[in-house]
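A short reminder: the numbers here are calculations on the coordinates, not readings from a lab. Worth saying up front: this structure is predicted, and the values here are computed from it rather than measured. Backbone-built Cβ (ideal geometry, glycine too); neighbour counts: all protein chains shown.
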Amino acid sequence: MSREENNRYLRNATKDQLRKLPLLGRLGSHPFLKLLLLWAALLALYGGFYVFFSNPTHPGRSQPTPSSTLQPEWVPTLIAIFTLVSTVLGASLLWRQLQARKVRRKEAEALLQPGPEAYLRLTDELLPPTSPFPDVDLLRAQRHALARILYGQDAQARHELNQVNWRGKAPLLQAMERGMDALLHLLCKDDPERGLTLAREALAMADLNPAIPGAKTSRAFYEVLLHSAEVLTGTVTPEGTRTLEHHQEGSPLIVVRLLSAWALRVASVQVKDLDRSERMRQFLQTHAPHCAPLHRVPTRAMADT
């Protein structure tokens with residue numbers, strides 16, 4: 001049920017955003033498909049007019065029959081138009097990728113600072129309170145709470161989450177609050193059992209169709225939360241450990257890599273894998289030197305060694 005509700009929420013949010021655009025907002029449902037059909041119709045109309053007016057008939061003069069071996073003169077023009085459209089679309093996609101990399105770089109730089117202020121400022125830059133983005137207040141609260149948790153400010157993190165109303169929202173949005181609460185219990189409250197329960201709930205609530213752009217990246221955060229809680233409660237499976245290793249090595253999100261490294265370090269201490277423990281410690285020290293909760297091995301992990 002969560003997947004259906006989440007998919008419906010994303011569809012409606014996308015439609016609301018498209019309606020705000022000058023052209024796409026006037027095309028109703030499936031605007032991109034209609035825009036492509038409009039382009040195809042205009043190109044066909046252009047081709048028809050070009051052929052008609054470039055070969056006019058004159059009274060008393062027979063119309064020459066075009067050679068079947070010659071390519072119509074308007075084909076190169078159509079090819080040029082298609083090339084131009086493809087170039088514009090390609091440039092647009094490239095620009096979006098460059099912007100995403102720029103944001104990820106700024107996020108990584110913010111976590112090198114001695115306090116959460118740089119991360120909070122970045123959030124305000126990306127998601128200002130006046131942003132037309134749907135449910136921007138919830139997204140801001142989640143990112144603010146994340147910054148507070150990573151720097152060990154658990155009371156302020158809870159305050160950030162309590163500033164907005166999560167009830168009645170789509171499960172995908174409620175999962176953000178549940179996930180931050182799980183992280184709070186894991187990193188700041190030494191309550192892995194409660195963290196495990198909350199992480200399971202968050203993962204179930206964040207269920208999305210894998211075909212939706214960004215669905216796998218979003219799910220990775222909740223998977224890391226779940227397996228981190230399993231590490232602390234001694235219930236992690238070999239598959240869970242491999243998932244943590246996969247996300248630590250390959251995730252484009254620095255927060256996911258940091259949390260994975262922290263959980264892997266704890267798991268390494270439990271099994272006395274000194275080599276991996278040191279590698280994860282160095283990674284955390286390099287990329288989040290002032291995030292104290294990520295440098296602390298929970299008491300339970302030490303007791304189990």
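Observations on the structure shown:
- Neighbour-count order for Ile254, Ile212, fewest beta carbons within 10 angstrom listed first: Ile212, Ile254
- Within straight-line cross-link reach of Lys216, aspartates and glutamates at Cα separation under 18 Å, skipping those fewer than 8 residues along the same chain: Glu4, Glu5, Glu201, Asp207, Glu239, Glu245, Glu249
- Least to most buried among Arg143, Arg265, Arg279 (fewest other Cβ within 10 Å first): Arg279, Arg143, Arg265
- Shape call, the range 145-232: gyration tensor on alpha carbons, a/c limit 1.5: oblate
- Chain lengthening between Arg279 and Glu193 when straightened (0.36 nm per residue, less Cα-Cα): 28.3 nm
- Summed side-chain charge close to Asp207 - residues other than Asp207 whose Cβ falls under 14 Å, Lys, Arg +1, Asp, Glu -1: +2
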